[in-house]
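Structure first, commentary second.
The values are calculated or read from the model by the stated rules, or taken from the named source; none is laboratory data. Note that this is a predicted model, so its numbers are computed, not measured. Virtual Cβ from ideal backbone geometry, glycine too; neighbours counted across all protein chains shown.
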Amino acid sequence: MTDVMTPKAPQWWKKPDVKKTAILWVVCTAVIGYVGAEFHVRNMVSPASETMSGVISLMRVFTWAAAPVAGLVAAMCLTVLTSKRHYGDNPPAEADHQVSNSPRATALWIVVSALLCLFALVGGFIVIQKDSSSLFDKSALQVNVTGQQWLWNFDYENGARSEDLYLPVNKPVVFHITSVDVKHSFWVVQMGIKMDANPGYTTEAAVTPNKIGVFDVRCTELCGLLHAYMQTKVHVVSQADYDAWLSIHVQIEKGA
Amino acid sequence: MTTVMSKPVSAPGKSIIEKLNFFTALALGAISAIVVWRLALQFLPEDTEVRLFTREDKITLLSMTAWLVGFMTGIGALVGPFRWLMGKDLSHEENMFLAGKDMGIKRYFRYTTDHKVIGIQYLVIIMVIFGIGGILAMLIRTNLGSSEGGWIHPQAYNSIVGTHGIIMIVGTIIMVTGPFGNFIMPIMIGARDMAFPRLNALSFWLIVAAAVPLLWGQFLGGISTGWTAYNPLASQAPLGMDGYIMFICIFAISTMVAGANITTTVVRMRAKGMTWNRTPIFVYGVVASVALGLPAFPVFFLSQIMSAMDRALDTSFYNTAGGGSGWLYENLFWIMGHPEVYVILIPAIAALMEMAPVFTRRPLFSFNVAVMGIAGISGLSVLVWAHHMYLSGWAPLLNTPFMLTTELISIPTGMLFLVLVGTLWRGRLWMTMPTMSIFALLWNFMIGGITGIYLSDVPADAFLHGSMYVTAHFHYTLIGAGLTGALAALVYWFPAMTGRMFDKKLSWVAFWIVQIGFNIAFIGMFTVGLAGQPRRVEAYASTFNTGNMITTGGAYLIMSGMLVLLYGVISSWKSGVKAPKNPWQAKTLEWTVGYPVPLENFEVLPTVTSDPYGYGKAQS
């Protein structure tokens, strides 16, 4: 109140509400960044491929990049909420100013949000570029994936077919995905890849599993009655085990 | 003129306009549907091809169309155009009758053209829609509350998910522009009514007409495809799908008509002196919303007509084997589907921007930035649709440009944040439920917005797409931001619409229960999405038990909060405290007319001399 009356108001950064907001901003940014990043990282599945590790660190980076903006909004809200509040049926006294604009704040806000947007875009573009080049890896293992209501079929290069997916560890694989009836979506959860299976078309997705273990494949496009049960397992095994499995499986196919 | 002379007192019976109402409409609609159904059953040739359902589809679609025509005729939608064709337009008395002059409660059951009546009609139908959609949501959450496999049959479960989705989308599309856009907005701009009052009544009654095919479809196998109704799943779905198709077509017409009407009203009928700089921001929000509907909904309409033709006439727009493509459907659907989320969001945020200066007693911070934000979001929103199709395989090379447009939306969205936070800053905070809703919106929309950035990023989306994470994200934007704004608008404009104050205590109780329940429910849903639970499943792995239990618990909290709110609406409407003329001491025109608002609102049209945000004391 008195600030307004004095001929020389203090510089804007010396005003008490600005100081309070500045402190809260630092606190809020730290809390939001930490809680947000941990919330995502801890709830996400543990990665079984470089791609998935990339997604997890991307989430961490994006959360921290967004934290200062969210932190500023939170800090300003907290400052406002902890200042004098008026309850009652009649309005409080009018505010002691009529500020309806601030070109500096507006310009700063727009420039900063544009820069953050640019940062997110560039980050994403780099990863896309890396991911899409692996689709053309000639040395990669080629597996045909066929969705149908409500199971997955996997066809390997030497004619073997299975309903559980088997992959050798540390070898790039390219999936050729299609469907025989309606749209499905092929999601290898722990490897962070997903691609729709469209009837009449073949789509591609590529990944390199880097961990031995059993992982999940789930359908993520509503495909009718038993959509929820259209799941199977991925067995990532050593190259030797994979070769053994494949040769036995081929014999089974031929025998049948 | 002749019409005056040809209405002698001795005329037997009432004129046709006076006889028609909701009940004649129901009767005529039902009769038409049954007659056409019998005729079609009799005369349509039997199927000879291998395709199932085709004949049944034709019969269903024909009878639903007959219902629509019968209902709209029965309500009186055709009287005006017909009389105009005959060269005898409606007389002044007849127009006054249509406007609902001196008719009391009956006008709510007629083809009434008064925008205030239509606003109340919308408010009531939205409460019905949210009631039904909410019950369906509770069924879903209850089914998912227990571990593997629910007690609802998968077919019924899928249908509940689809119906919940589509009616909630429709409900949220009309939740602000329907009641407040109709009741408040014309008064706010100083107009006597909408530009086309009869079209206004048309767009409302079309929504009522649309409800019946959707209900009908529930008895024909339901909508087992989710609200998106992707093909080819939709073409193999049971006959209930025709109910969905008909529902969408009728709703799309209603939205297009309302969009043209509201846009014209705002462009042409603002009070003298209300330049664009003096037009309240809420009006911008409403116009942006309905104007976005203008390019979006014709596409939706078309996509469903093609879907109907694929089902009933063996065309193959979406059938790969016949030369079509499911990707065509996805494109058409999302060309509607992404502008549509901003159709929902923008007016809700604009309503809160309208309230912010009132409850902080200072001017709106940066009106120009607010307008630019709304315009920027509207413009960009028609260019982002394929981010729903990053992983469809349709055009991987387009992922990069669509990622660009999508992430650009964060800039105008940030502007809306700036306006709201800037207005709260150094205001005199008047604590009411709408004030607190601004904070709730900032919180929820921040979470919805940031999770939206992860989803817009192609590599992250390759993990998150189609999971519960997406479901949680869009509930944060549509409910956390959209519904929060709409409920605040209800409390804020309640005195103007009903003459009574919304019970203060109940509004607070409902607010806190809904907001806490909402955040519990959907943060729980984020966790299971991150852990790998797909959307629209009726059973899940046991690792997702905890998250789903939390979500179901939160959902029950939301339900209890909404029931408190419903009780608040009913009790305050019936016996609330009588509202003073301008209870919030606001400066917009809707508070100058008092209650009840007279027919045609203003005796003398107002002249506007300043912007409506002149709060605060001028600095010396």
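Might you check whether a residue that is under 27 Å from A:Ala206 (Cβ atoms), more than 7 Å from every other protein chain (Cβ to nearest Cβ) and not hydrophobic (A, V, I, L, M, F, W, C) occurs anywhere in region A:80-98?
no
How many residues, within region A:149-174, are in a loop (DSSP other than H, G, I, E, B) and under 25 Å from the mean Cα position of the chain (by Cα)?
Qualifying residue count for the region: 4.
What number of residues in region A:215-240 are of a type in the set (Lys, Arg) and either surrounded by fewer than 20 Cβ atoms within 10 Å (Cβ to Cβ) or modelled with pLDDT under 95 (or both)?
Going through region A:215-240 one residue at a time, the tally reaches 1.
Taking the condition touching a residue at least 24 places away in the same chain (Cβ under 8 Å), in the same structural domain as B:Ala395 (by TED's automatic domain parsing) and surrounded by 24 or more Cβ atoms within 10 Å (Cβ to Cβ), does B:His465 pass? Break it down into steps so the answer makes sense when it comes.
Working: touching a residue at least 24 places away in the same chain (Cβ under 8 Å): yes; in the same structural domain as B:Ala395 (by TED's automatic domain parsing): yes; surrounded by 24 or more Cβ atoms within 10 Å (Cβ to Cβ): yes.
It is true that B:His465 is touching a residue at least 24 places away in the same chain (Cβ under 8 Å), in the same structural domain as B:Ala395 (by TED's automatic domain parsing) and surrounded by 24 or more Cβ atoms within 10 Å (Cβ to Cβ).
For region A:176-256, give me every one of the strands (runs of 3 or more DSSP E) that falls completely inside it and has 1 or more residues that are at the interface with chain B (Cβ under 8 Å from one of its Cβ atoms) and basic (Lys, Arg). Working first, answer last.
Working: elements: A:184-188, A:193-197, A:203-207, A:213-219, A:231-237.
Because the criterion is at least 1 residues that are at the interface with chain B (Cβ under 8 Å from one of its Cβ atoms) and basic (Lys, Arg), the strands (runs of 3 or more DSSP E) in region A:176-256 that meet it are A:193-197, A:213-219.
So, B:Leu214, is that one free of Cβ contacts under 8 Å to residues at least 60 places away in the same chain, more than 14 Å from every other protein chain (Cβ to nearest Cβ), touching a Gly at 6+ places or on another chain (Cβ under 6 Å) and surrounded by fewer than 24 Cβ atoms within 10 Å (Cβ to Cβ) or not?
yes
Which condition number in (1) more than 15 Å from the chain's Cα centre (by Cα); (2) surrounded by 23 or more Cβ atoms within 10 Å (Cβ to Cβ) is the one that B:Met168 fails?
The failed condition is (1).
Which ones in region A:99-109 are assigned to a helix (DSSP H, G or I) and either over 29 Å from the mean Cα position of the chain (by Cα) or more than 7 Å from every other protein chain (Cβ to nearest Cβ) (or both)?
Matches in region A:99-109: A:Pro103, A:Arg104, A:Ala105, A:Thr106, A:Ala107, A:Leu108.
With respect to the numbered conditions (1) small (Gly, Ala, Ser); (2) buried (at least 18 other Cβ atoms within 10 Å of the Cβ); (3) not in a helix (DSSP H, G or I), which one is the sole condition not fulfilled by B:Gly568?
Only one criterion is unmet by B:Gly568, namely (3).
Listed here are the residues, each with its yes/no results for (1) more than 13 Å from every other protein chain (Cβ to nearest Cβ); (2) surrounded by fewer than 21 Cβ atoms within 10 Å (Cβ to Cβ); (3) without any contact (Cβ under 8 Å) to a residue 40 or more places away in the chain.
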{"residue": "B:Leu364", "(1), (2), (3)": "no, no, no"}
{"residue": "B:Asn368", "(1), (2), (3)": "no, yes, yes"}
{"residue": "B:Ile374", "(1), (2), (3)": "yes, no, no"}
{"residue": "B:Ala395", "(1), (2), (3)": "no, yes, yes"}
{"residue": "B:Pro412", "(1), (2), (3)": "no, no, no"}
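Quick test for you: out of B:Arg141, B:Arg198, pick the one residue that is in a helix (DSSP H, G or I), among the basic types (Lys, Arg) and more than 22 Å from B:Met562 (Cβ to Cβ).
Being in a helix (DSSP H, G or I), among the basic types (Lys, Arg) and more than 22 Å from B:Met562 (Cβ to Cβ) holds for just one of B:Arg141, B:Arg198, which is B:Arg198.
In this structure, is A:Cys28 in contact (Cβ under 8 Å) with a residue 40 or more places away in the chain, part of a helix (DSSP H, G or I) and surrounded by 14 or more Cβ atoms within 10 Å (Cβ to Cβ)?
yes
Restrict the check to region B:119-126 and report whether at least one residue is touching a helix residue (DSSP H, G or I) at 6+ places or on another chain (Cβ under 7 Å) and within 14 Å of another protein chain (Cβ to nearest Cβ).
Scanning region B:119-126, I find no residue that is touching a helix residue (DSSP H, G or I) at 6+ places or on another chain (Cβ under 7 Å) and within 14 Å of another protein chain (Cβ to nearest Cβ), so the answer is no.
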